[in-house]
There are 6 protein chains.
Amino acid sequence: MEIHSKPASESYTVMNELVLPNDTNPLHNLMGGRLLHLMDIAAAISAQRHSNHVVVTASVDNVSFKHPVKLGDVITLKAKVTRAFHTSMEVRIEVWTENIPSGSKVKSNEAYYTFVALDNDGKPANVPNLITETEEEKQLYETAQFRRELRLILAGKMKAENATGIKAILFPEI
Amino acid sequence: MEIHSKPASESYTVMNELVLPNDTNPLHNLMGGRLLHLMDIAAAISAQRHSNHVVVTASVDNVSFKHPVKLGDVITLKAKVTRAFHTSMEVRIEVWTENIPSGSKVKSNEAYYTFVALDNDGKPANVPNLITETEEEKQLYETAQFRRELRLILAGKMKAENATGIKAILFPEI
Amino acid sequence: MEIHSKPASESYTVMNELVLPNDTNPLHNLMGGRLLHLMDIAAAISAQRHSNHVVVTASVDNVSFKHPVKLGDVITLKAKVTRAFHTSMEVRIEVWTENIPSGSKVKSNEAYYTFVALDNDGKPANVPNLITETEEEKQLYETAQFRRELRLILAGKMKAENATGIKAILFPEI
Amino acid sequence: MEIHSKPASESYTVMNELVLPNDTNPLHNLMGGRLLHLMDIAAAISAQRHSNHVVVTASVDNVSFKHPVKLGDVITLKAKVTRAFHTSMEVRIEVWTENIPSGSKVKSNEAYYTFVALDNDGKPANVPNLITETEEEKQLYETAQFRRELRLILAGKMKAENATGIKAILFPEI
Amino acid sequence: MEIHSKPASESYTVMNELVLPNDTNPLHNLMGGRLLHLMDIAAAISAQRHSNHVVVTASVDNVSFKHPVKLGDVITLKAKVTRAFHTSMEVRIEVWTENIPSGSKVKSNEAYYTFVALDNDGKPANVPNLITETEEEKQLYETAQFRRELRLILAGKMKAENATGIKAILFPEI
Amino acid sequence: MEIHSKPASESYTVMNELVLPNDTNPLHNLMGGRLLHLMDIAAAISAQRHSNHVVVTASVDNVSFKHPVKLGDVITLKAKVTRAFHTSMEVRIEVWTENIPSGSKVKSNEAYYTFVALDNDGKPANVPNLITETEEEKQLYETAQFRRELRLILAGKMKAENATGIKAILFPEI
């Protein structure tokens, strides 16, 4: 028997990481790929907590890198499941960058990763439904459908004209 | 004096990597974040070859992971600059996964990363224009504008109704 | 001008980490030294947040490892400064181990690390005093003196008979 | 059949390591946690040589870090089993730090780690008794009892008033 | 049934790698051992592609390091099987070093590694014969016999006076 | 002023390393390139101890891998300078492999690496002469000339007919 629904808050996962020399380029900036790697780990832990299964990454949505992150900075990653589908989950990750000498802390990135839960034979496994409690959780749950349509279009699995969710949001006047 | 234009082919970069134990989850599948990290390195080398500058990642577009990659597989990454803007470049990366015992090789991913070139003071630096030679290069150059609009919308920096490129492609009937 | 006192809660640091293959021995148990390394990073981030300086580890107190941690488990580290001295700080770290398939989560370790804050020339730097708010914070602040005496005795820098704090706690009847 | 006793000298293990960039903080000092990790590996090899079993770390005693270790320094770790109990062993590790340009070499740390031997099913396994040969080995063997009591008290498994060994050493006048 | 012969070109493998901080010594030069490690991986992928088996390194021939490689440089490794024996293969690797700001690219190393193919039980497995197509491939195939004799002499497995190939090449006048 | 000669014994360096998951291929054998990397580090420490300078690898001689090394094995590397030239040194490394459960220990490899000493500007620096004390040290010192000629021939820097040392050893009858 499996649990059929779990609150989003149970999947909440925080990681703090120190930017070490091997994470940086010759100008001592954190390399984007290293941050994508850390975001994937934080998000995967969150999805594993919701599903109680090993998970594999199914997709990452567009991520932009606005603020340079420097050697010695502390990066804080916060991940939480936003919606569960049959065997997959969407996770939102927020990243903050903190400079120790100045104490300044800015939000540097946010992203959505999706994961598929696997059983011990490596087959997709059902995951519990998500219970939303806060206003923000409810809103992220609603908009997950829109992001899913966009992923399907970008992956060539859905035609744009059938993506009624996107159409309504991008071009409400049509 | 700087070179004002360079052919796309000069930025072409190939990486072959062996999937090692620490790249995998307990089911021996390559973790998605590790692949995103490798894609970033391959794409950054490509952008550095075009610009002759250190580069930092500005964004990664939606990436989906369709085929599981296993411990011991060989992954091949191929990166090439598709378009240069003032101080930034878009790079396309294709990933193939090869199973050694069976010899099978499948295309598992493709993605677009963008980079900003930096001078030694960490300020954005101008990059050469891109010369396209093959049909594929010309087509990727053209469609780069569409992908750029989509990035700007998703990053909240452009209103959807002004994104004429996307509109024309997604909803040609309008 | 520097801030002269900061609440303990501002130094609070949480890390979640996935136990990866290279962290384990041939029986797939997390190696103790790897955990000590992660605890040091979590505690150092906490001390850096309190002091706004780079810090170096000055000592770690006795740590015992009671529960085996396995490949694929999630470890949660929680660190908070317990007391600030002139240029040094004591940090308490608690470690929980979570098994994903079963969802069980047990407290596996706790430890005290001390750090010295350094300025840009590598000299010890003054750190803000610690403001305690909760009952637990107040108690840890009080008992920090006892742990400090024990460290000094074990490091051969204080004679046991002068360690009135330890004497009173270990042998109250004397 | 198993060997019932082995000399301490057979467990003697030396490691030399170069301090690499990723082992250091932004001031180019070796991070304490990285050293604790290396000490654990050296000590574990020593315990494996004595027991001919895979071992897991059971505890580490108080370690203090007195001398800064810098990028490019060579660290020498020397480990030897000091006493064997039924299924566990205490190992002493000494650490020297060597600066290449000046040729100076100082003893920077010493510590005691304990390990439990495991059989292939992960159950504790009996280990050979320890044969001491030198004066130093005999003295470390004797004082191991005192350190064990201290560990038990600190882990809350023994009451201080029953720790006759500690009492006799810390407060001989009582 | 196995394929009995494959062209050399099918084993061709290219790797591009960025020199990262942890690959370098305190003067920011790539450490030779790290390059030997990367050459081994590139060559092993090449041998696995020819044999469709897991391979283990059997030997590396003399390698000299003429040009310093610096932090931030891009190294390009090109590997191709030069000859197949019963269960082993010789692979030639060429290494180029590219400096990004100047765009200069020099050939820095070349080497020969040999590998043994293993089946799933870890026993040596037969490998396909090599089909040579270009002039360079034919020449490398011919001279492989000479290099093999030299390896056997250096490993103490053949007497120099029986090494007719070496004699003829080193001292043609005799 | 610099020291003009130092005994070989002062450069003696021992490393013990545990074979960890990420060092191995899918059959759990240590990868040859990883061992070459460890040998380079051990030999570089030895050359740094003799020269009191940062060193860079100049060459590695032919290395053969006879015994498979497995996950969990302990490898012991022993390095000592065999001869010093003006600004370079030859170092001999021996490798033993130890299986913990059986206690068996075999010599698995030996190799010669050469290094160049560098001053703080990255220019070659003079190194002390080597004082040999044991019979083995004296013999290795003598034969270093032969190995040097072989390296020069293999690197295309010396003609075989001028290599009187090699000729005399390989073909004494001529």
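The values are calculated or read from the model by the stated rules, or taken from the named source; none is laboratory data. Bear in mind that the values here come from a model prediction, so they are computed numbers and not experimental data. Quick reminder, even Gly has a Cβ in these numbers, built from the backbone with ideal geometry, and neighbours come from all protein chains shown. We work out accessible area using only protein heavy atoms, side chains counted, and drop any ligands, DNA or RNA first. Shrake-Rupley method; radii C 1.70, N 1.55, O 1.52, S 1.80 Å.
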Name the pairs: first residue in segment D:137-155 and free of Cβ contacts under 8 Å to residues at least 24 places away in the same chain, second residue open to solvent by 70 Å² or more (accessible area, probe 1.4 Å), Cβ to Cβ under 6 Å, at least 6 apart or on different chains? D:146/D:169
Matching option when the condition is more than 9 Å from chain D (Cβ to nearest Cβ), over 20 Å from residue D:30 (Cβ atoms) and of a type outside the set (Val, Ile, Thr), among C:51, C:11: C:11
Filtering segment F:74-87 down to residues that are of a type outside the set (Phe, Trp, Tyr) and open to solvent by 10 Å² or more (accessible area, probe 1.4 Å) yields F:78, F:80, F:83, F:84, F:86, F:87
Please determine whether any residue of segment B:107-121 is under 25 Å from residue B:53 (Cβ atoms), over 22 Å from the mean Cα position of the chain (by Cα) and not hydrophobic (A, V, I, L, M, F, W, C). yes
Which one is nearest to residue D:34 (Cα to Cα) among residues in segment A:14-30 that are among the aliphatic types (A, V, I, L, M) and more than 7 Å from every other protein chain (Cβ to nearest Cβ)? A:19
Among (1) closer than 30 Å to residue E:70 by Cβ; (2) among the charged types (D, E, K, R); (3) surrounded by fewer than 21 Cβ atoms within 10 Å (Cβ to Cβ), residue F:90 falls short only on (3)
Flagged in segment A:10-55 as open to solvent by 10 Å² or more (accessible area, probe 1.4 Å), assigned to a loop (DSSP other than H, G, I, E, B) and farther than 24 Å from residue A:121 by Cβ, in numbering order, are A:12, A:20, A:25, A:26, A:27, A:28, A:31
Which one of B:122, B:103 is on the phi > 0 side of the Ramachandran plot, at pLDDT below 95 and within 11 Å of chain A (Cβ to nearest Cβ)? B:122
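What number of residues within segment F:93-106 are within 22 Å of residue F:47 (Cβ to Cβ) and open to solvent by 40 Å² or more (accessible area, probe 1.4 Å)?
We begin by selecting, within segment F:93-106, every residue within 22 Å of residue F:47 (Cβ to Cβ); these are F:93-96.
Remaining after also requiring open to solvent by 40 Å² or more (accessible area, probe 1.4 Å): F:96.
Count: 1.
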Inside segment A:36-47, can you point out the residues that are more than 8 Å from chain B (Cβ to nearest Cβ) and more than 21 Å from residue A:145 (Cα to Cα)? A:42, A:45
Hey, any hits in segment E:128-144 for a residue that's within 12 Å of another protein chain (Cβ to nearest Cβ) and acidic (Asp, Glu)? no
Could you list all residues from segment E:109-137 that are in a strand (DSSP E or B) and open to solvent by 50 Å² or more (accessible area, probe 1.4 Å)? E:110, E:124, E:129, E:131
With the condition kept exactly as written, say whether any residue in segment B:88-95 is more than 9 Å from every other protein chain (Cβ to nearest Cβ) and of a type in the set (S, T, N, Q). yes
Residues being within 12 Å of chain A (Cβ to nearest Cβ) and either touching a helix residue (DSSP H, G or I) at 6+ places or on another chain (Cβ under 9 Å) or not in a strand (DSSP E or B) (or both) - total across segment B:56-78: 15
The correct count of residues that are part of a loop (DSSP other than H, G, I, E, B) and aliphatic (A, V, I, L, M) in segment C:79-108 is 1
